[in-house]
Amino acid sequence: MSLLTIRNLSLSIHGLQILRNVSMEVAPGRILGVIGESGSGKSITAFSVLQLLPGGASCTGSINLSGKDILSLSEAEMCGLRGRDVGMVFQEPMTALNPLKTIGDQVAETILIHERVSKAEAMVRAADALQRAELPQERFPLSRYPHELSGGQRQRVVIAMAIALKPKLLIADEPTTALDVTTQAQILELLKRLVAEDGMGLMLISHDLAVVADLADDLVIMRQGEVVESGPAKTLFGNLQHPYSRALLEASAHVPERGNETLEQPLLQVRDVVRDYTGHTHGWWGKTTQFRAVDGVSFEIRKGESLGLVGESGCGKSTLTRAILGLEEVQGGEILFDGLPVFTHHHANQIVRRRMQVVFQDPYGSFNPRWRVDRLITEPFHLLSDPPKGAERDAAIAEALESVGLSASDAHKYIHEFSGGQRQRIAIARALIIKPDLIILDEAVSALDVSVRAHVLDLLADLADRFGLTYLFISHDLSVVRSITDRVLVMKAGKIVEQGPTDTVFDRPNHPYTQQLVAAAPVLPAGIL
Amino acid sequence: MLQYFLKRLLSLGLSLVAASVIIFLALEVVPGDPASYMLGLNAQEDTLAALREELGLGGSILERYAAWAGGLLVGDFGTSYTYRTPVAGMIAERLWVSLPLAVYALVLSTLIAFPAGIWAASRRGSHADGAVMGVTQLGIAIPNFWFAMLMVLVFAINLRWFSAGGFPGWDAGFFAAMKALTLPAIALAMPQASILTRVMRSSLLDTLGEDFIRTARAKGLSKGQALWRHAVRNALIPVLTILGLQFSFLLAGAIIIENVFFLPGLGRLVFQSISARDLIVVESVVMLLVFAVIVVNFTVDMAYAWVDPRLRRRR
Amino acid sequence: KSDIVVAMQLEPPHLDPTGAAAGAIDSVLYSNVFEGLTRFGPDGSVNPGLAESWEISEDGKTYTFKLHDGVKFHDGSDLTADDVKFSLDRARADDSQNAQKALFAGIESVEVVDPLTVKVTLKEPNGSFLFNLAWGDAVIVAPESIGDIKSKPVGTGAFKFTDWVQGDRIDLEKNADYWGEPAKLDKVTFKFISDPTAAFAAVMAEDVNAFVGFPAPENLPQFEADARFQVLVGSTEGETILAANNKLPPLDNIKVREAIAHAVDRQAIIDGAMFGYGTPIGTHFAPHNPDYVDLTGSSQYDPDLAKKLLAEAGYADGFTTTLKLPPPSYARRGGEIIAAQLRAVGIETEITNLEWAQWLEQVFKGKDFGLTIVSHTEPMDIGIYARPDYYFQYDNADFQKLIADLTAENDPAKRSDLLKQAQETISRDYVNTYLFQLAFPTIADAKIKGLWENQPTQATDLTAVYWED
Amino acid sequence: MSVLFHSRTLLPGAILTLLFTAAALISLVWVPYDTTVLDIANRMKPPSWLQPFGTDQFGRDILSMIMVGARTSIAVALVAVGIGMAVGVPLGLAAAARKGGLMDEIIMRANDLVFAFPSLLIAVMITAVFGASALNAIIAIGIFNIPVFARLTRGAALSLWNREYILAARVAGKGSARISLEHILPNVANLLIVQGTIQFSLGILAEAGLSYVGLGAQPPTASWGRMLADSQTMISLAPHLALFPGLAILLTVLGLNLLGDGLRDSLDPKLRRART
Ligand SMILES: Nc1ncnc2c1ncn2[C@@H]1O[C@H](COP(=O)(O)OP(=O)(O)OP(=O)(O)O)[C@@H](O)[C@H]1O
Ligand SMILES: Nc1ncnc2c1ncn2[C@@H]1O[C@H](COP(=O)(O)OP(=O)(O)OP(=O)(O)O)[C@@H](O)[C@H]1O
Ligand SMILES: [Mg+2]
Ligand SMILES: [Mg+2]
């Protein structure tokens, strides 16, 4: 008997059709994985179950939760249901908790809302729920405030809140997207254990096939508000019918073809680099704090090479990037580009700068929304003493756009007229326009959907081939790094803990941290392609 | 926290010193001579000189600043040129009108704004919300001295519910005093309440859009419960800022309103003193008001820490 | 009912009538708390005050005053000749802060003859000496209470000072030990309401029983129409003039000043600025004075004549000058009207509104002005035209001689003659444009009797005031 | 044009604002009655067909006075806001560009200091020194606009400085001045326009308040605040004298506020947060 049954759910918001005939089932003790690209309607489906829909939404079809027809319940009845019968965990742990209340209060609130118990008793049970979410009282007392916890710990609090009353159904909407791989693995493990212990049904939503693959019993694949394919995970993976599902799967495991050769000659040498941040706790008068973001890092990039840099969030990757680009001065060590220092006399060396460019993570935030594409991508011309003008400039723009698969006519559009993938191409075009030797890619594909990501990776490989480019490829996603780099550096807390050829490092990690990282990285089960 | 507190205290002290220098220098260049103002058209030059001597108007700028600022430190505000009494006493007496007025207005505006803001936010888009927003638009746009004039016309002259102004003193009894302060407080509070209502509403709406409200709703809290238990306190932070700023506006606004209702408050004292070139009184009152504003803002900063635990330990 | 609340516009800066020019001090204390050897009556006459009688020597230089017996200060001490000597010596001392020190300049010496007799010797005979002694700046104070006089005035009057709530009110109470006719009221409260609207509202709401010197003449008809109130419109010593800087071209040209005098329509100003309250004057003299000469005819409103005079003076196209206005509404409102009237004959004015302190600095002391409007409220002050350094800078040797003669003259008939000549001289020279005599409106509860109607000096003498049942 | 209908407040706001701007502009070439000519005999006449707002205490036509007064109010407020923007925006940009630096600290402390002075007091002090005039009112109001714009600009600029496109510009070798000008300024422009309308309305209120206490524009320049002050004693005699200038202030300020709100909603819904 199934716990949650959604039948032909259609939903529109202010007349705009969002979901079309969505059907799915969650059984007790089983995990339903819901996957699909961004905007495919996964979250809206989840919200429909709780009836926490945005204003102007209207549903048809049926949602049945252990015998109750959700769509016909009153708001008061829904309030009785939420939290008790259905628990929910959201994507963003940093903002999902009220910053002004202690975690104990927030977990106990779930209990107090639904049961007539004393505050003290609720607190005892809250402690219990937190314990089950692996936040033991000894280390994480109830009196903690959310800001005193890390992202992964906050996500555990949210989980504790959701499971405090042992609901029959738990909905987890991208519960790990904002977390590090290692933390992600722990949270997923926790959810899996809770399902097994309590016999809950779990609806696990994700855009990442690999995340869902080794957890889910059943799968639903969504696209543009519709379910394209569903079934038990084991059989479905080996036997995908719908072209979209297949494309999705292929894209997830995509390895671009790469052909360029690496020369022996080093292009970039980083020696014992130290970068300290001096912070002021409050304004200029406040006391200063020293924080070492990069701590004695040394490595080399050879001409034509593609070097990967992996590590958890906050380990110093972006800081290192800024130092290499000459945007910030380092406190120790030196950085040489083709034998020349990137920083001389407290100023960035313009000659060196001309030969490096960068592509950032956020396809939406890396362009000034008020400029047209031509102006955006020619911004690096500022580095040249004699930038091309007139027809020459137009030709350069056309060449850059065409080399990333866009057309010259796109030059006169604004950035909001492009999709995320196209924007990232424009970012690459901007990096290419001054024909640099080195391109640093700081999480350049992390924000893209898998299929788009595959295309961009192909493009990068192709460009490296054609222009003999050297890449420094920064990412927390091991599979991506693996697919596009020759060598890899593993960074932890500002230090390089391991480096070597990519395959060697990933297949036979030496350093315990690397081992942990590799083990935590979600991978698609072997043999399903 | 203690260290943070001390640092803030130091910066507060520096601000006060800077303010005192600015005030002193600004008034230093004010043209006009208190002595000739006091002695009028027929005064003789030797009489003026004698008076100036007695008022302590001689000496270099530096000496006079040191005398004034040094006096402030030990609570000695000097002696008024025209009234010939200690400025501290004069200020203290006026403060007993201005401060209750400002507090009365602040309390009124808070009492109106909080419920109105919460009510409007919880009914976003409804007619009630529209009405509140409309009324607050008017409240902000109305010049408060004009509003005060209209109130005097209606409530004092026509209906004779309130006296048209003046202040009987606290000796006349609490209710008599409060009655005299009521129309001025309403005039002062009206624009402030409107602004505060809008801030409360928009801050609440912002908070209601936060993720943790969704979390709370997912726990089974109704809209109202989520609002009261989770949104209101979070929404309070910007409201506190405005409340702090408003204090300075209330003090400033009081200058005009005290004139409309002829209340013997600090604002009127400043006006009178500046036209009499009783600069020492002006200096001291302005300094006091600036001090009040700085201290209130400091208190607001400290209040954040009370509202927001994130600020408690980190600093 | 034996108490009264009297409102007035200005609050005294402090309570020493001998230490500041502020008329508000006298308005509260004159006659009520402090008395001089002589005193002004409601009609401006000089009457005996603390001096019961006096004798004047043949040469007019020695005055022997006989003091009333049994006069006590409010602190219980007796008034003696020593107090009189102290007061007069203090006023004329080198370090004196008396705003009218000139009144005492002619005193050679003050001698105590016996406890109730004082002899004052003058350097020169002075026809207005007794008049001078009636001023508020000449009241008798006691040496033992002089230290605190600014906040705790101790006088000999029919009322005793009790309390001062600064910014709001001053309380007086009846002096049971008064030497003369005792006051009829037990308690008097002076309230200070500077804002005209507030003044109107306070009277209407009967928060005050009387308002002396009501600041908004536009409201008087409303009170007149209201049976609850009586409206007294008295005259003052305030000659309101459009003063011209007689040294500043083109105003140094008498034709230009004459043109201005003809360009100004007094009645329009009295109507527009004072709502009809005020008496037109043609010279610097109070119309209620028996020696007044009506010279308004020589400066009739005649814009065409004004234009002609301007053309004769070489300003056919007019000129531009400044018009600096002190705070009172006669000046501010009158200024707007005069500006419009002058514009009509081609004279442009740049209006600057000044506070008193600025006016004193710029206009009175700095003489940095073209035109200004001000009311000269000191009694009998035509003598200012004999001071060439006075702010309007009229310098006429004949006139100065006239005033010198007047001062030395004791014979009433001759004095009268000289005064008339003085009035005619300044009118003929168009020194300033004489606008009107400031009216003094008092609004009071209809049942209050005994208030002064006129203001021969700034005073609110309440000694004779009572409630009629 | 469709922008106008994005928000319910924009259209009424724009109409009211336009109305008063038009009144001010028309008064430059034509007014129903000459306001420089006094007609004492005709004073305080109640509203009539020929003079719909009646006449004032000097017999001037109140409608004409309000039209001319609109000019004063708008000019004073506009220039004051201009001063605030011209000084405040560069300061804010500079402070943001050197966040946490000495420059930032000095600018922000100076801002706090200005904020600590009750604005009217400063106006009183300024006019005590330089005398009352429209120019000094402008300066006084302008000074108080500086920190408003400096803070607003700094706050908005700070969040922009975290954007990756700023980083991209830095990678392209641009200095902070250039980035502030090319990237930050255009992106805070909307915010500034919106705040500008709000400050403009506050400026009109402030001018009225200053003129009311006699510190603003001097006669014969017509000013709404002074019209109110002059009519105050006559309020029970001829309420229309106080009514119309008061309404003029109210409606103009209301119009500008509605316009500001509307612009905010239309230009960028995300800006709604910044509204206080
Ligand atoms: N409040 C809303 N108003 C209108 N449309 C909305 C609203 N919320 C979501 N949508 C639309 O509904 C569609 C589905 O959104 P949903 O959030 O369910 O996607 P998702 O699959 O969860 O994507 P993601 O992986 O990015 O979270 C999207 O096209 C989105 O634009
Ligand atoms: N401007 C700064 N001032 C102070 N500390 C900083 C600053 N920038 C970064 N840090 C700190 O330096 C550390 C390294 O930051 P960095 O941005 O390099 O991390 P990262 O590895 O790129 O992380 P992510 O994967 O989240 O981008 C972090 O702990 C961060 O908090
Ligand atoms: Mg989603
Ligand atoms: Mg990073």
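Screening B:Leu72 with (1) out of contact with any Ser or Thr (no Cβ under 9 Å at 6 or more places or on another chain); (2) more than 9 Å from chain C (Cβ to nearest Cβ) gives one miss only, at (1). The residues of segment D:227-240 that are more than 10 Å from chain C (Cβ to nearest Cβ) and crowded, with 19+ Cβ neighbours inside 10 Å, listed by number, are D:Met227, D:Leu228, D:His240.
Taken over segment C:81-127, the criterion of being in a loop (DSSP other than H, G, I, E, B), more than 14 Å from C:Ile140 (Cα to Cα) and either within 14 Å of chain B (Cβ to nearest Cβ) or touching a Phe, Trp or Tyr at 6+ places or on another chain (Cβ under 7 Å) (or both) is satisfied by C:Ala93, C:Asp94, C:Asp95, C:Ser96, C:Gln97, C:Ala99, C:Gln100, C:Ala105, C:Gly106. Within segment D:170-183, at least one residue is surrounded by fewer than 24 Cβ atoms within 10 Å (Cβ to Cβ) and of a type in the set (S, T, N, Q). Looking only at segment A:84-132, residues that are touching a residue at least 60 places away in the same chain (Cβ under 8 Å) and either assigned to a helix (DSSP H, G or I) or not β-branched (Val, Ile, Thr) (or both) come to 12 in all. Considering only segment A:61-84, I want to know if a residue exists there that is more than 14 Å from chain B (Cβ to nearest Cβ), surrounded by fewer than 16 Cβ atoms within 10 Å (Cβ to Cβ) and β-branched (Val, Ile, Thr). Checked segment A:61-84: no residue is more than 14 Å from chain B (Cβ to nearest Cβ), surrounded by fewer than 16 Cβ atoms within 10 Å (Cβ to Cβ) and β-branched (Val, Ile, Thr).
Does at least one position in segment A:36-53 carry a residue that is facing chain B (nearest Cβ under 10 Å), in contact with a Lys or Arg (Cβ under 9 Å, 6 or more places away or on another chain) and within 16 Å of ligand 2 (Cβ to nearest atom)? No, segment A:36-53 contains no residue that is facing chain B (nearest Cβ under 10 Å), in contact with a Lys or Arg (Cβ under 9 Å, 6 or more places away or on another chain) and within 16 Å of ligand 2 (Cβ to nearest atom). When segment A:317-333 is limited to residues that are within 11 Å of chain D (Cβ to nearest Cβ) and under 20 Å from the mean Cα position of the chain (by Cα), the one that is farthest from ligand 3 (Cβ to nearest atom) turns out to be A:Thr321. All told, B:Phe291 meets the bar of being part of a helix (DSSP H, G or I), away from chain C (no Cβ under 14 Å), closer than 15 Å to D:Leu121 by Cβ and out of contact with any His (no Cβ under 6 Å at 6 or more places or on another chain). Within the bounds of segment C:243-266, is there any residue that is in a strand (DSSP E or B), more than 14 Å from every other protein chain (Cβ to nearest Cβ) and over 20 Å from C:Ala446 (Cα atoms)? There is at least one residue in segment C:243-266 that is in a strand (DSSP E or B), more than 14 Å from every other protein chain (Cβ to nearest Cβ) and over 20 Å from C:Ala446 (Cα atoms). Here A:Ser366 passes the criteria (1) of a type in the set (S, T, N, Q); (2) part of a helix (DSSP H, G or I); (3) surrounded by 23 or more Cβ atoms within 10 Å (Cβ to Cβ) except the one numbered (2).
Scanning segment C:22-77 for residues that are acidic (Asp, Glu) and within 15 Å of the chain's Cα centre (by Cα), which turns out surrounded by the fewest Cβ atoms within 10 Å (Cβ to Cβ)?
The extreme case among them is C:Asp43.
When each of A:Gly61, A:Gly83, A:Gly41, A:Gly67 is tested for being within 16 Å of ligand 3 (Cβ to nearest atom) and on the phi > 0 side of the Ramachandran plot, the lone residue that passes is A:Gly41.
Name the one entry in D:Ala116, D:Ala137 that is closer than 25 Å to B:Arg277 by Cβ, modelled with pLDDT of 80 or more and surrounded by 21 or more Cβ atoms within 10 Å (Cβ to Cβ). Going through D:Ala116, D:Ala137 in turn, the sole match is D:Ala137. Among the residues in segment D:96-105, are any within 12 Å of chain B (Cβ to nearest Cβ) and modelled with pLDDT under 85? Yes: segment D:96-105 contains one or more residues that are within 12 Å of chain B (Cβ to nearest Cβ) and modelled with pLDDT under 85. Of all positions in segment A:454-465, none carries a residue that is within 21 Å of the chain's Cα centre (by Cα), within 16 Å of ligand 1 (Cβ to nearest atom) and more than 14 Å from chain D (Cβ to nearest Cβ). Any idea which residue in segment A:481-501 is farthest from the other protein chains (Cβ to nearest Cβ), counting only those that are in contact with a His (Cβ under 9 Å, 6 or more places away or on another chain) and either within 21 Å of A:Val297 (Cα to Cα) or within 16 Å of ligand 4 (Cβ to nearest atom) (or both)? Top of the filtered list is A:Glu498.
A single member of A:Leu215, A:Leu240, A:Leu219 is aliphatic (A, V, I, L, M) and buried (at least 23 other Cβ atoms within 10 Å of the Cβ), and it is A:Leu219. The residues listed here are B:Ala19, B:Ala66, B:Ala50, B:Ala26; of these, the one that is crowded, with 17+ Cβ neighbours inside 10 Å, farther than 30 Å from B:Tyr304 by Cα and more than 10 Å from chain C (Cβ to nearest Cβ) is B:Ala26. The listed residues are D:Glu182, D:Glu207, and the only one of them that is within 11 Å of chain B (Cβ to nearest Cβ) and among the charged types (D, E, K, R) turns out to be D:Glu207. Just one of the listed residues (B:Ile256, B:Ile242) is more than 14 Å from chain C (Cβ to nearest Cβ), within 20 Å of the chain's Cα centre (by Cα) and surrounded by fewer than 24 Cβ atoms within 10 Å (Cβ to Cβ), and it is B:Ile242.
Taking each residue of segment A:315-336 that is closer than 9 Å to A:Arg275 by Cβ and looking for partners that are more than 16 Å from ligand 4 (Cβ to nearest atom) and among the polar types (S, T, N, Q) with beta-carbon atoms closer than 6 Å, six or more apart or interchain, yields nothing. Taking the conditions (1) surrounded by 17 or more Cβ atoms within 10 Å (Cβ to Cβ); (2) of a type outside the set (Phe, Trp, Tyr); (3) under 23 Å from C:Gly297 (Cα atoms) in turn, C:Ile254 satisfies each one other than (1).
Scanning segment B:110-135 for residues that are facing another protein chain (nearest Cβ under 10 Å) and either part of a helix (DSSP H, G or I) or crowded, with 16+ Cβ neighbours inside 10 Å (or both) yields a total of 3. Only one of the numbered conditions (1) within 12 Å of another protein chain (Cβ to nearest Cβ); (2) within 21 Å of D:Pro90 (Cα to Cα); (3) polar (S, T, N, Q) is not met by D:Thr127, and that is (2).
The values are calculated or read from the model by the stated rules, or taken from the named source; none is laboratory data. In this text the structure is predicted, and so the values were computed from the model without any measurement. All Cβ positions, even for glycine, are placed from backbone atoms using ideal geometry, and neighbour counts span all protein chains on display.
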